[in-house]
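Comments concern the structure below.
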Amino acid sequence: MNHGSHVGWSSICDGEEMRRISKKQRQFDIQRDLRLRRNWKKISKGRGGAGLSDYCLERNSWVDKKRKDGLNIEFLGTNKVSVILPEEMNFSTKYEETTLVIQSIRRLAEKVRSIKQYRLAKVDFSNLKKVSTSAGLVLTAELAKWEDSQSMSLRPLLESWDKEIIRRFYRLGFFDLFDCDIDHKYVEGLGEGTGLSLVKYIKRNQLGVAQVRDFKEEVTSIVGEDINKWPILKCGLDEAINNVADHAYPDGEGFRDKDKNWYLTGGYNKKTAELKIVFYDQGVGIPASLPASKLGEKLLDWLSRRHLSHGYKDEHLLKAAVEMHRTRTGQEDRGRGLPDMLEFINERGNGYLSIMSGRGLYKYEIVNDDVKIKTQSFDNRVYGTLIIWKTKLAA
């Protein structure tokens, strides 16, 4: 990167039991709540000054509130903000801290509508010591989105970065993605050592069949030709990526063409024969897209049968998305992606599928043939959809 902004680059249920509710009334209630869920975040975009003031006030108030909740930021000027990354970013062990800082980057990097609006000027990496593969991918995607919205390139100031963080991002192709050459001194002696091979970050716009094929070839290159022994794995990967991509950026939601990106990475540990794939889009998210899909009626029935008409959350919608075994297209020959990946995990007897979207988590894990399903709700949200899939390939 040449000139431009610094990237711190200095850096379950509440169903009513007291009275019986008819199925028709329950479905009506759910449909009403789903409409409210889709529309709750829409802000008036009128030309009047009041609407603009409300927008800026909401943005600034959110930042001020999150500072009290632990968001670490620094004001570089009247309204210019530096977001300081925490020591560790990990969705498994540090979910709220990780999503909070990523949320702040997204919100502060949005289009400036007033000189009084807080705006992102810097992301400070100096405190960051540990980052998981999935957290690194999402952080990278948000920085790329920020760069795409600017007329200038972002520039990392590596002097303040932890050396291990530089090495990790180097191996993951972070600097390649941003077209940035780094001094060789930062990666001297960097070797494989651990037996872990990585698929460097792949960024695609309007992901299609050819791009999915490219990714599969990358996965094959790190696993070896043995991957061809498991056609369900390759087909499941195809469908999982294509199906999520199909509904991530629906028309009418204000996404520009250049914003419709997907990010992929993967890793294979030859010593443990474990394959991990991470997929992330920055779209509306499954909880928002599922109710508006062709599965809407099936969703109403699914929620009704579980008495969730007055208490469903994003975690319930994620579980519904997996259990209904179909995509929004409604086509009988589509939608086997995530179920196929679950089936492959079952066949191997070990692994997990984790989906984070909105404020919900759905995780299907099997250890030594013992299945555990976990759903959870959080205070902070993931923009779009993050899918993490891990399994053991060896017999």
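Out of all the residues in segment 242-265, is one or more at pLDDT below 80, over 24 Å from residue 383 (Cβ atoms) and part of a helix (DSSP H, G or I)? No: zero hits. Scanning for something in contact with a strand residue (DSSP E or B) (Cβ under 7 Å, 6 or more places away or on another chain), of a type in the set (Gly, Ala, Ser) and either assigned to a helix (DSSP H, G or I) or modelled with pLDDT under 85 (or both), does segment 91-112 turn up at least one residue? Yes.
Mind checking which pairs have a first residue in segment 255-272 that is among the acidic types (Asp, Glu) and a second that is in a loop (DSSP other than H, G, I, E, B), Cβ under 8 Å, 6 or more apart or different chains? Close Cβ pairs (under 8 Å, with a partner that is in a loop (DSSP other than H, G, I, E, B)) amount to 257/206; 259/249; 259/282. Could you grab me the full set of residues in segment 140-186 that are at pLDDT below 85 and charged (D, E, K, R)? 155, 179, 181, 183, 185, listed by residue number.
Does residue 132 fit the bill of being of a type outside the set (D, E, K, R), within 17 Å of residue 278 (Cβ to Cβ) and out of contact with any His (no Cβ under 6 Å at 6 or more places or on another chain)? Yes: the conditions hold for residue 132.
For residue 281, the criteria (1) at pLDDT below 80; (2) within 17 Å of residue 138 (Cβ to Cβ) hold in every case but one, which is (1). Residues of segment 60-89 that are among the polar types (S, T, N, Q) and open to solvent by 30 Å² or more (accessible area, probe 1.4 Å): 61, 72, 78.
If the condition is being at pLDDT 60 or above and among the β-branched types (Val, Ile, Thr), then segment 307-346 contributes 322, 345.
The values are calculated or read from the model by the stated rules, or taken from the named source; none is laboratory data. This one's a predicted model, so the numbers in the text were calculated from it and none came from an experiment. Counting neighbours? That spans all protein chains shown, and the Cβs are built from the backbone with ideal geometry, glycine included. Ligands, DNA and RNA are excluded from the accessible area calculation, which covers all protein heavy atoms including side chains. Shrake-Rupley method; radii C 1.70, N 1.55, O 1.52, S 1.80 Å.
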